[in-house]
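The values are calculated or read from the model by the stated rules, or taken from the named source; none is laboratory data. For clarity, every value in this text was computed on a predicted model and none was experimentally measured. Glycine gets a Cβ as well: all are built from the backbone with ideal geometry, and neighbour counts include every protein chain shown.
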Amino acid sequence: MSDRGLGSISEARYSRQVLFPGIGPEGQKMLSQSRVLLVGCGGLGSVMAEIMARAGVGRLTIADRDYIDESNLQRQSLYTEADCQAGFPKATAAIRHLSDINSGVELAAEVVDVNPKTIEAMVPGHDLILDGTDNFETRYLLNDASLKWNVPWVYGACVGAYGMSIAFVPRRTPCLRCVLEQLPAPGSSPTCDTAGVIGPIVHLVAALEAAEAIKILTGQLDRLNGKLMSFDLWENQVWGFHLSQLQRDSDCPACGRRIFEFLEGKHEGKTVALCGRDAVQVHRDAPSVVDFPTIAGRLAPLGTVNFNEFLLRALIGRFEIALFRDGRAIVRGTQDVEEARRVYAKFIGS
Ligand SMILES: [Zn+2]
């Protein structure tokens, strides 16, 4: 745990926040000792990461599997054109910018796909999980992890001009599965692919999530909103669905019976089309460290290849392959999972 923030409590840096009666010196001290895990650092994640870093949390871990693409810049407020040109993973670029914003926060980047195999190394040791993901599979995984390791989490999602947010506290509130009951079938919910997304709803939902986060981290659970809040900024509508209308379901597999199907990997889809991108993420079954120079040498005659310490990018025909060091790749130029697997097998190997 970092104590670097402790010395700053009485200083000017946090003075406006300490003046706010809801936080005060005691709340600021709690924030400075808190450890936050942010999963997904796209639009929602960018805004939440900045708010939490500026608020002076003790440690902020940013987990993200993706790299920065030009189409991100319209709403993913932490990133710049230079990050995009350099081909940085989002988590890496995020902590570079955040360390300029607040050097007193301990920052960690995890360039990783959060899945049943990787999540156990991440969640324990954190006081809160913030959801900046773009898919229900990962959210149900976060829900299981929250319950198993007793860590509250805040859910947020947006598409088009519509967005929603809710805070989940183990043993105190219903869980995501109580609220939504079953995993939505693929294709049943609109995505950034089909409906686009505008910046204002991203900032609004991220702000709601961050407000609930600050309440949780300062121990003020009685201040939580207690509603599934949703907004449509184009239809000009606001809804608040009160959780007291929903009992915790004793039959809920996750919070009632404590069967963590998503942590056990029962619903895992290893190769997935990515939201908002003409792209598919491909996993290898047995990831080992990838040797970029060797692969670059092999692919160079076939197209344009470059790499940095985090990422190799190869433009071959109509496909762009972005290969991470853990062997995971994002194949751009297709939404077809099978085609992406073939491209991976052909150019990277099986
Ligand atoms: Zn439940």
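If you check R341 against the conditions, is it out of contact with any Ser or Thr (no Cβ under 8 Å at 6 or more places or on another chain) and either in the same structural domain as D64 (by TED's automatic domain parsing) or closer than 18 Å to N115 by Cβ (or both)?
no
Considering every residue within the range 224-235, establish whether at least one is within 16 Å of the ligand (Cβ to nearest atom), within 17 Å of R139 (Cα to Cα) and either touching a Phe, Trp or Tyr at 6+ places or on another chain (Cβ under 8 Å) or at pLDDT 90 or above (or both).
Among the residues of the range 224-235, at least one is within 16 Å of the ligand (Cβ to nearest atom), within 17 Å of R139 (Cα to Cα) and either touching a Phe, Trp or Tyr at 6+ places or on another chain (Cβ under 8 Å) or at pLDDT 90 or above (or both), which makes the answer yes.
Those residues that are more than 16 Å from F136 (Cα to Cα), among the hydroxyl-bearing types (S, T, Y) and at pLDDT below 85, I need them from the range 261-298; list them, please.
S288
Hey, does the range 86-94 have a residue that's assigned by TED's automatic domain parsing to the domain that holds D64 and either of a type in the set (D, E) or exposed (fewer than 15 other Cβ atoms within 10 Å of the Cβ) (or both)?
Looking through the range 86-94, none of the residues is assigned by TED's automatic domain parsing to the domain that holds D64 and either of a type in the set (D, E) or exposed (fewer than 15 other Cβ atoms within 10 Å of the Cβ) (or both).
Does the range 133-148 contain any residue that is within 16 Å of the ligand (Cβ to nearest atom), surrounded by fewer than 18 Cβ atoms within 10 Å (Cβ to Cβ) and either modelled with pLDDT of 95 or more or charged (D, E, K, R) (or both)?
The answer is yes; a qualifying residue exists.
Has the range 247-257 got at least one residue that is under 30 Å from P21 (Cβ atoms) and surrounded by fewer than 16 Cβ atoms within 10 Å (Cβ to Cβ)?
Scanning the range 247-257, I find no residue that is under 30 Å from P21 (Cβ atoms) and surrounded by fewer than 16 Cβ atoms within 10 Å (Cβ to Cβ), so the answer is no.
Name every residue in the range 64-96 that is farther than 27 Å from V305 by Cβ and either of a type in the set (D, E) or free of Cβ contacts under 8 Å to residues at least 24 places away in the same chain (or both), in order of residue number.
Filtering the range 64-96 down to residues farther than 27 Å from V305 by Cβ leaves 74-75, 77-78.
Within the range 64-96, none qualify.
Failed condition for A314, given (1) surrounded by 18 or more Cβ atoms within 10 Å (Cβ to Cβ); (2) more than 11 Å from V282 (Cβ to Cβ); (3) at pLDDT below 90; (4) hydrophobic (A, V, I, L, M, F, W, C), with all others met?
Tallying (1) surrounded by 18 or more Cβ atoms within 10 Å (Cβ to Cβ); (2) more than 11 Å from V282 (Cβ to Cβ); (3) at pLDDT below 90; (4) hydrophobic (A, V, I, L, M, F, W, C), A314 fails exactly one: (3).
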